[in-house]
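The structure appears below as structure tokens.
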Amino acid sequence: ICVILCGGKSSRMGQDKTLMEFGEFKDLTHFQFAKMSGIFKSVFISAKSQKFDPPLPVLADEFSDFSPMGAIYSILKNFQNSKIFIIPCDMPFVEISTIYELYENSQNCDICVASDEFKQHNLCGFFGSSVTKEALNLYKNNNHKIANLLNSVKFKAVNFTNSEQFHNINDKSDYEKAILLLEKEI
């Protein structure tokens, strides 16, 4: 099971980045959905609403605010006894081998996320449905940082040397760099 995060504000971009054209795809979300569908049997989109054309399978955020913790809870409450791969829509270059390595490392922990020499990517990894209640408790206590969830459960960070795969599209210059990276891949 894979869930692509598409419920952010995109405030630094100035427009909804999940709906921006990407390569041969109508938008970044459809690109990421197609990529993840090649790996996972089930792929869902975490978003506030069905804003995609053509429509995609959306798991609607339970809460109206823009909380990463609320989004994690809203995703995990749909599954039992599962490990769910969660990835941001705006991180389109994560390598398939990285996903497999994260999965292999997730067996003896509740959450397993990717890291590189620059940072830990707390929203790119496998989340066990066993942490659903903890995510809700943190959310209800106005605690929205995923790092706090990681600190309260058994988690592991796996380091990867190719940091470029974690390129995150936050603003126009990140988007332009992503288009260049995509052209290099093709």
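The values are calculated or read from the model by the stated rules, or taken from the named source; none is laboratory data. For clarity, every value in this text was computed on a predicted model and none was experimentally measured. Neighbour counts run over all protein chains shown; Cβ positions are idealised from the backbone, glycine included. The area values use the complete protein model at the heavy-atom level, side chains included, leaving out ligands, DNA and RNA. Shrake-Rupley method; radii C 1.70, N 1.55, O 1.52, S 1.80 Å.
For region 129-143, what are the residues that are open to solvent by 50 Å² or more (accessible area, probe 1.4 Å) and assigned to a loop (DSSP other than H, G, I, E, B)?
At the first step, the residues of region 129-143 found to be open to solvent by 50 Å² or more (accessible area, probe 1.4 Å) are 130, 133-134, 137, 140-142.
Listed by number, the residues that qualify are Asn141, Asn142.
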Check region 27-37 and report whether any residue there is open to solvent by 40 Å² or more (accessible area, probe 1.4 Å) and in a loop (DSSP other than H, G, I, E, B). no
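Quick check, is Glu101 touching a Ser or Thr at 6+ places or on another chain (Cβ under 6 Å) and at pLDDT 95 or above? Don't jump to the end; show me each part of the working.
Details: touching a Ser or Thr at 6+ places or on another chain (Cβ under 6 Å): no; at pLDDT 95 or above: yes.
It is false that Glu101 is touching a Ser or Thr at 6+ places or on another chain (Cβ under 6 Å) and at pLDDT 95 or above.
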Tell me, which residue of region 11-62 that is more than 14 Å from the chain's Cα centre (by Cα) and of a type in the set (A, V, I, L, M) is nearest to Lys83 (Cα to Cα)? Ile39
Taking the residues in region 103-121 that are over 19 Å from Ser82 (Cβ atoms) and among the polar types (S, T, N, Q) as candidates, determine which candidate is most open to solvent (accessible area, probe 1.4 Å). Gln120
I want to confirm something. Restricting to region 47-90 and keeping residues that are open to solvent by less than 10 Å² (accessible area, probe 1.4 Å) and assigned to a strand (DSSP E or B), which single residue is modelled with the lowest pLDDT? Ala47
Of the residues that make up region 113-128, is at least one in contact with a strand residue (DSSP E or B) (Cβ under 6 Å, 6 or more places away or on another chain) and in a helix (DSSP H, G or I)? no
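Would you call Phe44 surrounded by 15 or more Cβ atoms within 10 Å (Cβ to Cβ), part of a loop (DSSP other than H, G, I, E, B) and touching a residue at least 12 places away in the same chain (Cβ under 8 Å)? Break it down stepwise before answering.
On the way: surrounded by 15 or more Cβ atoms within 10 Å (Cβ to Cβ): yes; part of a loop (DSSP other than H, G, I, E, B): no; touching a residue at least 12 places away in the same chain (Cβ under 8 Å): yes.
Criteria not met by Phe44.
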Go through (1) surrounded by 18 or more Cβ atoms within 10 Å (Cβ to Cβ); (2) part of a helix (DSSP H, G or I) and name the single condition Ala147 misses. (1)
So Lys156 clears everything in (1) over 21 Å from Asp61 (Cα atoms); (2) surrounded by fewer than 18 Cβ atoms within 10 Å (Cβ to Cβ) except one condition, right? Which one? (2)
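Run down Ser115, Ser130, Ser173 and say which single residue is among the hydroxyl-bearing types (Ser, Thr, Tyr) and at pLDDT below 95.
Details: Ser115 fails: at pLDDT below 95; Ser130 fails: at pLDDT below 95.
Just a single option satisfies the conditions, and that option is Ser173.
Please determine whether any residue of region 7-22 is more than 19 Å from Ile169 (Cα to Cα) and either open to solvent by 50 Å² or more (accessible area, probe 1.4 Å) or part of a loop (DSSP other than H, G, I, E, B) (or both). Walk me through how you get there before you give the answer.
Residues of region 7-22 more than 19 Å from Ile169 (Cα to Cα): none.
No, that holds for no residue.
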Exception for Tyr100 within (1) surrounded by 18 or more Cβ atoms within 10 Å (Cβ to Cβ); (2) more than 27 Å from Asn143 (Cα to Cα) falls at (1)
